[in-house]
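Please treat every number below as a calculation from the coordinates, not as lab data. Given the structure is predicted, the values throughout are model-derived calculations rather than measurements. No Cβ is skipped: glycine too gets one built from the backbone with ideal geometry, and neighbour counts run over all protein chains shown.
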4 protein chains.
Amino acid sequence: MSISNRKIRLGMIGGGSGAFIGAVHRIAGRMDGQAEWVAGAFSSDPQKSKKTGEELYLDPSRVYATYSDMIQSESNLPDSERIDAIAIVTPNHLHAAPAIEALERGFHVMVDKPMAFSVEEAIQMQKAVEKSGCILGVTHTYSGYPMIKEMKLRISRGELGDIRKIFVEYPQGWLTLPLEMEGQKQASWRTDPSKSGAGGAVGDIGTHAAHLAEYVTGLKILELSAQLKSHIVGRLLDDDSAALLRFEKGVTGSLIATQVAAGEENTMKLRVYGDLGGLEWSHGDPNTLLWKPLDQPMQVLRASNGYLSKAVSSLGRTPPGHPEGFLEAFANLYMAFFNAIRAHEKGIGSVPDLPNVLDGVRGMKFIDAMVRSSASEGKWTLIA
Amino acid sequence: MSISNRKIRLGMIGGGSGAFIGAVHRIAGRMDGQAEWVAGAFSSDPQKSKKTGEELYLDPSRVYATYSDMIQSESNLPDSERIDAIAIVTPNHLHAAPAIEALERGFHVMVDKPMAFSVEEAIQMQKAVEKSGCILGVTHTYSGYPMIKEMKLRISRGELGDIRKIFVEYPQGWLTLPLEMEGQKQASWRTDPSKSGAGGAVGDIGTHAAHLAEYVTGLKILELSAQLKSHIVGRLLDDDSAALLRFEKGVTGSLIATQVAAGEENTMKLRVYGDLGGLEWSHGDPNTLLWKPLDQPMQVLRASNGYLSKAVSSLGRTPPGHPEGFLEAFANLYMAFFNAIRAHEKGIGSVPDLPNVLDGVRGMKFIDAMVRSSASEGKWTLIA
Amino acid sequence: MSISNRKIRLGMIGGGSGAFIGAVHRIAGRMDGQAEWVAGAFSSDPQKSKKTGEELYLDPSRVYATYSDMIQSESNLPDSERIDAIAIVTPNHLHAAPAIEALERGFHVMVDKPMAFSVEEAIQMQKAVEKSGCILGVTHTYSGYPMIKEMKLRISRGELGDIRKIFVEYPQGWLTLPLEMEGQKQASWRTDPSKSGAGGAVGDIGTHAAHLAEYVTGLKILELSAQLKSHIVGRLLDDDSAALLRFEKGVTGSLIATQVAAGEENTMKLRVYGDLGGLEWSHGDPNTLLWKPLDQPMQVLRASNGYLSKAVSSLGRTPPGHPEGFLEAFANLYMAFFNAIRAHEKGIGSVPDLPNVLDGVRGMKFIDAMVRSSASEGKWTLIA
Amino acid sequence: MSISNRKIRLGMIGGGSGAFIGAVHRIAGRMDGQAEWVAGAFSSDPQKSKKTGEELYLDPSRVYATYSDMIQSESNLPDSERIDAIAIVTPNHLHAAPAIEALERGFHVMVDKPMAFSVEEAIQMQKAVEKSGCILGVTHTYSGYPMIKEMKLRISRGELGDIRKIFVEYPQGWLTLPLEMEGQKQASWRTDPSKSGAGGAVGDIGTHAAHLAEYVTGLKILELSAQLKSHIVGRLLDDDSAALLRFEKGVTGSLIATQVAAGEENTMKLRVYGDLGGLEWSHGDPNTLLWKPLDQPMQVLRASNGYLSKAVSSLGRTPPGHPEGFLEAFANLYMAFFNAIRAHEKGIGSVPDLPNVLDGVRGMKFIDAMVRSSASEGKWTLIA
């Protein structure tokens, strides 16, 4: 049966019980009834993987001990059973190898961010995508929010006039204490250079901030002057970063990405100003976009309303005033991924509204530039 | 296979393409991977029902022309295929008959609110529940929000001291214009007494407000003094209601439920005050609960945090700072429904945290009291 | 020297050191450099009065032991020295007598709210104003906020279309505990029927709410259905009130005025809806007015901006973004009072934008109707 | 008569009708009844100065044609008439000369910010202060807000633990268009290097931001890496600045001060994080301070409440819930100025809570460092 007439079948690498982002992928993937999770290699611990499979009501024969097992076994299944795509939700150092193997076997891939452990790995992934012709998505979740898409559309239509300033910030406080020394799992790998790569906060959330700024404005960061820091004795990666930015077209700005802003939850904020006005979006109230026309009253644009761009208001699963959140934004990425897969089957060369392997490579280069600039006393450094 | 080891199978009555609440039920029912939609009688128009089934990738043999067809045919299927429960998402006048028929055949039922067309119908549903022993849930969605549950828990623990005042309001603006005269579907049946019942705004959203106030405080409204109004010439039901309230234990309060507050979206707000402080929750920011201890700084309680009651923080599907919304609250009701069904199979007499048939009956009596009080010049009227 | 070429000279009755509202009047009266405080009878305790005079750097000869002393002595001073106007900031039962005596001697009067102890007293004050031809202002402070005036202007221009709903609320929490039994001065007289009159919360803050609703909309409350309550054993006046309202032209609404909403400070809020949109103002952010046009984005109107009505933006003492507050609103009332006094000297029959004796009388009738309605089980009661 | 028993007498240089900040000084100086404006040299245009004097009801003999006239004439008046202090509210290039002349004649001085045209001038002013022994205040208004003082106190008491991050931002949008080319007075001198000095936005508002960050935390900025820009062709001074910051004790941070953030009013924001929590204050709601203890609910601290530090709650002129604003903060600076003058007369060597000449010098050095760093490609530059 053509993929057009059935649900897409998904497998997962990583995401054993208790993990954060695996569960998020699972909810997002199934939310709109376009796909089902049918296979998984959830953990390096086979018992844990098996248990996760049971919790998900999976056929035990499709819960695998290793990701290679899964990729190989699934590729041998008949068309009517085989998974179509694989989500990779492991720590950074375990992104590239399974992604490349999956792509080589013809599976589409959704991979968590940052896309890889290093720029080199990211480039290898890019080559694998190009060679396989498969779809690879990167979960820069915030770009999935409808009001972010409205912000992007309004800027692309010139409603801000000439862009001048871009301020993006992503303050968190959860790494204020040395949680990794108490064995907290999320903290442990994120602060471990052998698992996380060269960036700490700059990789974990700085890449989100940089992607969002570029995605919304359509302007690339050309160079940056950064200050990274670790505030905990013995912590090997930055838990705090900031930069002055130079974008294309003479636009300037700044970026903050810190995980030691004690008391902050997860409130990314993006502000863009042109000579006709400003737009502001905050993750604290993601269904709202503030439009500040010069010398006129600020307008509060709200999700799902008819006055939004048609493409945006149609993203609303509920009428105005019914808040949607992080999971729905995540599901919007999956929806774009599914649409791309269906177009791919039909041989349609679509450009889905989905962060892709090039965005992933760019994210790794951003981390690299931030680390290098900071190491050279904030020297203005090109994102090569 | 026991229902403990598999997904629960769901059917739907109503909810053809284009309907609002049917799609919400479907997302909520599938979000957490505990159930799957496998059957439906989506529309009185068989073609439309068929089309909806295709969009949902259903087996065509389980898309039915009428709800009676579905109930009868499904009850004849073997245990390994038959649906376990049915969601009813039709207009009010089509709730009782399918619910009673489904219960009589042993299906659990999730029904939209208000539960019925009249107090009489509601009582018949109550009898059918009692006779069948099946689970019936009513989708008073707002009671599914985690921070509402935190509010309820804090009040039940006495943190407000003696409750004195309860203010609840539910302002919407979408019926400001006579949309029903332009054929808008949602407006048409809601303003039609032959489909909606005796209440307009008071039934559609007033019941939500009354239920939430009682759910959170554990206090019943004893009597009320109401003023209902229709602001549109020719509109046969109220589009606007307000009441002064008397609760148990001498607590007083007020309720506003209006659909002509032009420019308002859907911002229900509940405020409760005792002699030790106040608690405030607003649907405009549902992940936040404001705790206002007397003579101390207000505290901003936020979803998913460790400082919340354990039962509440565990409802979070994401860490603090990742907004969840209406669909997740709805899914929390479905999760309680599924838990109740699984407990039922095991013969465990649970009391799930789910609005049930008694809440549904009470909602109908509330509508009745509001209509009668308003008709008698605001006379204080008991909720019989 | 004509009053046009000099500062207006003010005296005060009440407002000894430690009082709240006396100090507010003094700041407001002097803020814009149009007047100076030169005389006072600040307390029934002559020592206290003397001390207050010293703190204000007054000439000791113009600090009086009684208000009658002040009125008589000042009226005997030469034109070049005599005060022009008197502020009365005593408890309610001490408003009418000094006001009438002052008016009879030709002094203009600014009196705190509610204007009097009873409807009867208020009517006597009205007669004294009519007889004397002098100016009498009542400090319904909230009507002095620029954004309230913008709200009024927009409604009067028809921007809301036909008005349908008016919601006004004034929640405070400071009388949650029986402060009057601990001797707290502000609480003591406000809860004492021999000083406060027939209304507690309904007089102290309900009159503000009712005045604001009528002032902004230009619509009078015709009748009301009220519920008053005292939540403290032994408290003789209501500390909590609410009402359903019927305004002119078929407009309906509700009012809340309570002093037992524990944890609330002083956040009056007014919302008005017509068939073209809604306007909302809250004392929590008084420099902002929310304009909610139907089916369009909400606009956030901010004080001092050029896009406001000219009469309103010119009220700003500072550019946009420099918050002004309660004292500035109060000073706006005094500015209107001074303008009226200067116009009066020139024989110009102006209608200043200042709550006057008729508003004061109306406030007392509002209290009376609220008390009577509540006493008769919420019977709809005319404001006679 | 000793200054303890009378109002302080003030003169003003600059501030002719139509100017913004002169009127603000006048309101602030008179608000609390501690002083009166009795003399002025309001404009280089004698007619304009005369007219301003009339509007202020001044004795015409004390309205002067030049500031030197005023300083000389007033110093020749008898003790019982002579002004005590002078406010200087002219553009930056006209601060130092009159300030020095006034100090030399024994007048206390309140001068607008930035304190001078250049570092050199500032140092001359410092010498004049030291030589004269007089009081010199600089109007860094934001440090006058009570909740800023609460923030400072809490940090000094160690409630944040070890400080790690300081973010300060001051976005305005009013210079988005080339207003100076249309003759707008405020824009003209601020963008003119011959009047404003070396800094545009960085001088006008960056100095406020830097001062506030240092004032609140007690930590000095050691070095900075800056990016300044002018976004308007032909504009000779920066209208936009940003910097990464290094404070004492290893604390890092960032600063934004821009006047081309179209649509922004005047919303300075300061956030400080330590290892125990964060504190946030925004000029958008200056009566609120957000306290974000690590892993605990955020607390919303509000002005005038009893739970604040005693020194702070006593600054409130009104009870909680009565917003105070910019003018009251400004008046708090004047109050400190007056207290210092009174202490000075008594020979008490007080350290008033008032930005002084050292703060003014520091502000000029901050401008200088920002300009130099930006000119050298963001090189980390010491505030010498």
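Observations on the structure shown:
- Exposed loop sites were defined as GluC sites (Glu not before Pro) in DSSP loop states (anything but H, G, I, E or B) carrying at most 16 other C-beta atoms within 10 Å; in chain D the longest segment without such a site runs D:160-376.
- Exceeding the 19 Å Cα-Cα cut-off - candidates B:195/C:165; C:346/D:48; C:220/C:249: B:195/C:165; C:346/D:48
- Within chain B, percent of DSSP bridges classed antiparallel, to nearest 5: 60
- Sequentially through the stretch B:318-330, phi angles give Karplus couplings (6.51, -1.76, 1.60; θ = phi - 60°) of 9, x, x, x, 10, x, 10, x, 4, 5, 5, 5, 4 Hz, Gly and Pro residues having no value and appearing as x.
- Computed over the stretch D:183-242: relative contact order in percent, which uses C-alpha pairs under 8 Å that are six or more apart: 38
- Cα convex hull of the stretch D:195-238 - mean projected area over all directions, nm²: 3.7
- Chain C: Cα Rg divided by the 2.2 N^0.38 Å rule of thumb: 0.98
- Computed on the stretch A:46-183, with alpha-carbon pairs under 8 angstrom and 6+ residues apart, the relative contact order is 15 percent.
- Shape box of the stretch C:131-185 [Cα atoms, principal axes, largest first, Å]: 50, 38, 20
- Counted charge near residue C:252, where neighbours are those whose Cβ lies closer than 9 Å (Asp, Glu -1; Lys, Arg +1): +3
- Normalised by residue count, the protein assembly as shown yields a Cα convex hull volume of 168 Å³ per residue.
- Site pair residue D:104 and residue C:311 shows an inter-label distance of 5.3 nm when each label is modelled 7 Å from Cα along Cα→Cβ.
- Under the criterion of Cα pairs below 8 Å and six or more residues apart, the relative contact order for the stretch C:223-264 equals 33 percent.
- For residue B:262, the residues whose amide H sits under 5 Å from its own are C:274, ignoring neighbours fewer than 5 places away on the same chain, with H placed 1.01 Å from N.
- Whole-number D in µm² s⁻¹ for the stretch D:227-320, Kirkwood Cα-pair radius fed into Stokes-Einstein, 20 °C, 1.002 mPa s: 132
- Cβ crowding within 10 Å, taken as a proxy for footprinting-reagent exposure, orders A:66, C:288, A:258 from fewest neighbours to most as A:66, C:288, A:258.
- Zero-based 10 Å bins, Cα pair distances in the stretch C:86-152, whole percents: 23, 48, 22, 7
- In the assembly of identical copies, residue B:346 has its label point, taken 7 Å from Cα in the direction of the beta carbon, separated from the corresponding points by 4.7, 7.7, 8.6 nm (ascending, one decimal).
- Overall, the stretch A:92-152 carries a charge dipole of about 200 debye about its Cα centre when +1 sits on the Cβ of Lys and Arg and -1 on the Cβ of Asp and Glu, all other atoms neutral.
- Per-residue Cβ neighbour counts within 10 Å put B:189, A:380 in the sequence B:189, A:380, beginning with the fewest.
- Closest Cβ on chain C to the rotation axis that carries it onto D (distance rounded to whole Å): C:325, 2
- Exposure proxy order (Cβ contacts within 10 Å, fewest to most) of C:10, D:290, C:358: C:358, D:290, C:10
- Residue A:66-residue B:75 FRET efficiency (beta carbon distance; Förster radius 45 Å; 0.05 resolution): 0.50
- For residue B:184, the amide hydrogen comes within under 5 Å of no other amide hydrogen, counting only partners 5 or more places away or on other chains and with H modelled in the peptide plane.
- Residues listed by number, the stretch C:271-314, amide nitrogen under 13 Å from residue A:159 label point at 7 Å toward C-beta: C:296-298
- Nearest 10 degrees, 0 to 90: helix C:46-55 Cα axis against chain C principal axis: 80
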